Amino acid sequence: MPELVFFRRGEEVLRVGVGRERMVLGRGEKSDVVIPDPEVSRRQVALAFDGERCTLEDLSGKGTQVAGTSMTKGELADGSDIALGQWRAVFRLHGGGESEASTEVGNRTEIQPRDSASRWQPAQVRIRQGTEETVHKLTGDSFTAGKDPSCDLVIQDSFISSRHLKVTRRDGHFHVLDTNSTNGTWMGPVRIFEVQVGLPTTLRLGQTDLILEPVTPARKELSFHGIIGGDPSVKQLVDLIERVAPSSAAVAILGESGTGKELVARALHECSQRADKPFIPVNCAAISKELIESELFGHEKGSFTGAANARKGAFEEADGGTLFLDEIGELPVDLQAKLLRALESGEIKRVGASRPSHVDVRVVAATNRDLMAASRDGRFREDLYYRLCVVPLHLPPLRNRRSDILGLAEHFLRMYSPRGQTVRLTPAAMERLQQHGWPGNIRELRNVVHRALLLRKGTAIDAPDITFDQEVNRETGVSVPELPPGMTLEQMLLKLERQIVEAALRRCNNNRERVARELGVARSTLFKRLKEWGLTRQEEETDQVRSGD
Ligand SMILES: Nc1ncnc2c1ncn2[C@@H]1O[C@H](COP(=O)(O)OP(=O)(O)OP(=O)(O)O)[C@@H](O)[C@H]1O
C-alpha cells in the first residue's frame with residue numbers, strides 16, 4: 001500500500017497509508033491528516049488511490065507544490081515531494097505493505113512502530129505534567145485514561161475529557177483510540193484519532209504528556225570515582241589508576257584541557273592509602289610568579305612585604321595526603337629546581353625560614369603541554385620531567401571516545417536538571433552532540449548540557465537548544481564560530497567578511513583609506529564590497545565613477 005511520509009524540518013514525524021478512500025490533508029481539524037501550519041490551507045489537498053495510481057487534487061485554489069512545481073490535479077509519481085508549509089510529505093507508491101500497515105483513512109492513521117523489538121518488551125506509561133512525573137507499569141492488555149475516577153489512569157487536568165482515550169496492546173503494538181475527547185489527543189503537532197504506535201511514543205492530552213515506553217533498566221552509569229565512560233581507553237585508564245594508586249610512584253596526568261585531569265588525580269588519591277588525608281590542588285598557571293613559592297612552600301612572618309603572619313604552604317597542607325600540581329608546565333624555571341629538591345629530599349623550606357621541615361606528600365602533576373618538547377627547549381627541567389613522569393597517564397580527548405558522549409551528556413543532565421524532573425535529549429539533539437568536534441572536551445560538554453537545560457523551551461532538549469562554546473584557534477587566538485544549521489560555508493564566510501569590515505569601519509571612524517590599509521585590501525575591493533552591501537555614501541559613488549577606480 002502507498003504511503004505518505006511526513007517530515008518537519010527534515011525529521012520524519014509521521015507515516016500515513018494512502019487507501020482507496022479520499023484522504024484530505026490540511027490545517028482544518030476535520031482533515032484526515034491535520035497539519036498545524038499557518039501556510040497550509042484548511043483543506044489543502046486530497047489524495048486518492050485507485051489500486052494502481054494515486055491522484056492528487058489541490059483544494060486550496062492556489063495550487064500545491066509537488067516536486068517543486070505547482071499542481072492542481074494529477075498523478076503522483078513514486079518519490080514525489082509535496083510541500084506543505086514547514087512540512088513536506090513524500091509519496092511512496094510501495095509503502096509499508098499490507099501486512100505491516102493496513103491503513104484506513106477517515107480520521108484514522110497508521111504509524112509504523114519505530115522498533116519491531118518493542119513487540120515483546122514490557123511497557124510502562126509515564127505521565128508528565130510540568131515538572132511532575134509518575135510511572136505506571138502496564139499489566140493488562142489495555143487501559144483507559146481520563147478525568148473520570150472509573151478510568152484506569154485518572155489524570156487531573158482540566159483540559160482533558162472524562163474518558164479521553166483507550167490504549168490496547170495488540171500483537172506487541174499499541175492501538176490508541178481517542179474516545180471522542182473535546183480537546184483531542186496529539187502526537188507532536190498532529191491530532192490523532194486512532195493510531196497504532198510502537199515504543200516509545202509521546203501522546204499529549206491537554207497539558208499532560210503520556211509517554212508509552214519500554215521498561216528498560218536505567219542505563220547503567222559506568223563510573224569510577226566520578227569518572228564516567230565505557231570506552232576502552234577509559235577502561236584502560238581506570239585499570240592503570242587502580243594499579244598505581246596504592247604505590248607512591250609519581251604520576252603525571254597528560255591530556256588536553258577539560259579531559260578530566262583533576263578528576264583522575266582525585267581518583268588516584270581516593271584509591272590510595274592516603275584517602276583519609278587531604279587532597280590539595282594547586283593550579284600553577286593561576287598564581288603569579290611572585291606568590292607561587294609561598295603558595296607551595298609557605299612563608300614565615302615578615303619574610304616579604306604583606307607576609308604579616310606565618311603561613312603553611314600547599315606541601316604542608318597536603319602532609320600525609322596528595323598534592324595535585326595542575327598545569328605544571330607553567331611553573332617558573334627557578335621554582336622547578338626547588339620543587340625537584342623537595343621531591344628528592346622530602347623536605348621543604350618556607351620562604352624566609354632558616355631550616356627545612358619534613359613532609360610526606362605524594363605529588364601528582366598534570367599538564368596539557370608537551371613537557372618533553374618544553375624540556376628540549378629549556379623551558380622545563382629534564383630531571384624534573386623524569387622525576388614527575390614515572391607513570392604517565394594519558395587522557396584521551398572526547399573526540400576520540402565518541403561512544404561516551406551520550407553517557408556523559410546524560411550524566412550532566414541528571415546533575416543539572418531541576419529536582420524531580422527528568423529531562424531527555426531528543427534524537428536530533430543526540431545527533432548534534434555526536435557530530436560536534438568537542439575542542440573543549442568534557443568541560444565543554446558539561447557547559448553545553450547545562451546551557452541547553454536553561455535555554456530549552458519544552459520538556460526535552462532538542463537540537464536547536466544546543467549551542468556550542470566558540471572554538472578559539474590556538475595559533476591565531478581567534479574565535480571560530482560554528483556554522484549555523486542551514487547555512488553554507490560560503491554564506492558564512494560572506495557574513496564574517498561583512499562583520500570584520502563593519503567592525504573595522506567603526507574602529508577607524510568610517511575612514512575608508514585606513515580600513516583598506518588595516519585589512520590589507522585595495523580601496524577598490526573595499527568599495528566594491530561596501531557597494532554590494534549597500535554601505536556606500538553618495539559622494540563615494542560619484543568619486544568612484546570619476547576616478548574610474
Ligand atoms: N570522565 C568524566 N566523567 C565525568 N565528568 C568528567 C569526566 N571528565 C571530566 N569531567 C568533568 O569535566 C569538567 C572538567 O574536568 P577537569 O577539571 O578534571 O579537567 P582538566 O583536564 O583538569 O582541565 P584543565 O586542564 O583545564 O584544568 C569537570 O566538571 C569534571 O568533573
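Laboratory data are not the source of any read-out in this text; all were calculated from the coordinates shown. Just so we're clear, the structure is a prediction, and the values are computed from it rather than from any experiment. No Cβ is skipped: glycine too gets one built from the backbone with ideal geometry, and neighbour counts run over all protein chains shown.
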Q | Förster radius 51 Å - calculated FRET efficiency between residue 150 and residue 223, Cβ distance, rounded to 0.05 | A | 0.65
**Q.** Amide H contacts of residue 250 (H built 1.01 Å from N, under 5 Å, at least 5 apart or other chain)
**A.** 390, 391
**Q.** Spin-label pair residue 376/residue 288, simplified geometry with 7 Å Cα→Cβ offset, distance in nm
**A.** 3.5
**Q.** Net dipole in debye of region 125-263 [+1 Lys, Arg Cβ; -1 Asp, Glu Cβ; about Cα centre; nearest 20]
**A.** 200
Q) Working out 0.36 nm times the residue gap between residue 390 and residue 30, then minus their Cα-Cα distance, what length gain in nm do you get to one decimal? A) 122.1 nm
Q: Excluding residues fewer than 8 places away in the same chain, name every one of the lysines whose C-alpha is closer than 21 Å to that of residue 528.
A: 495
(Q) Using the Cα centre of the chain as origin and beta-carbon charges of +1 (Lys, Arg) and -1 (Asp, Glu), tell me which of 185, 259, 348 is placed farthest towards the positive end of the dipole. (A) 348
Q. If amide H atoms are built 1.01 Å from N in the plane of the peptide, which residues on other chains or at least 5 residues away come under 5 Å of the amide H of residue 351?
A. 298, 299, 300
Q) Once amide H atoms are placed 1.01 Å from N in the peptide plane, what residues at a sequence separation of 5 or more from residue 44, or on another chain, have their amide H within under 5 Å of its amide H? A) 25, 26, 27
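Remind me, relative contact order of the chain in percent, using alpha carbon pairs under 8 angstrom and six or more residues apart?
Values: 1037 pairs, mean separation 47.8, N = 549.
Taking the mean separation of contacting Cα pairs over the length of the chain, I get 9 percent.
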Q | Cross-link pairs 235/277; 261/312; 30/73; 30/62 - those with Cα-Cα distance over 29 Å | A | none
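If we sort 335-347, 23-35 on the protection proxy, mean other Cβ atoms within 10 Å, highest first, what's the order?
Values: 335-347: 15.6, 23-35: 20.2.
Sorting 335-347, 23-35 by mean packing, highest first, produces 23-35, 335-347.
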Q: Describe numerically, in nm with one decimal, the distance between label points set 7 Å from Cα along Cα→Cβ at residue 247 and at residue 357.
A: 3.1
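More than 31 angstrom separation, counting every C-alpha pair in the chain; what % is that?
66
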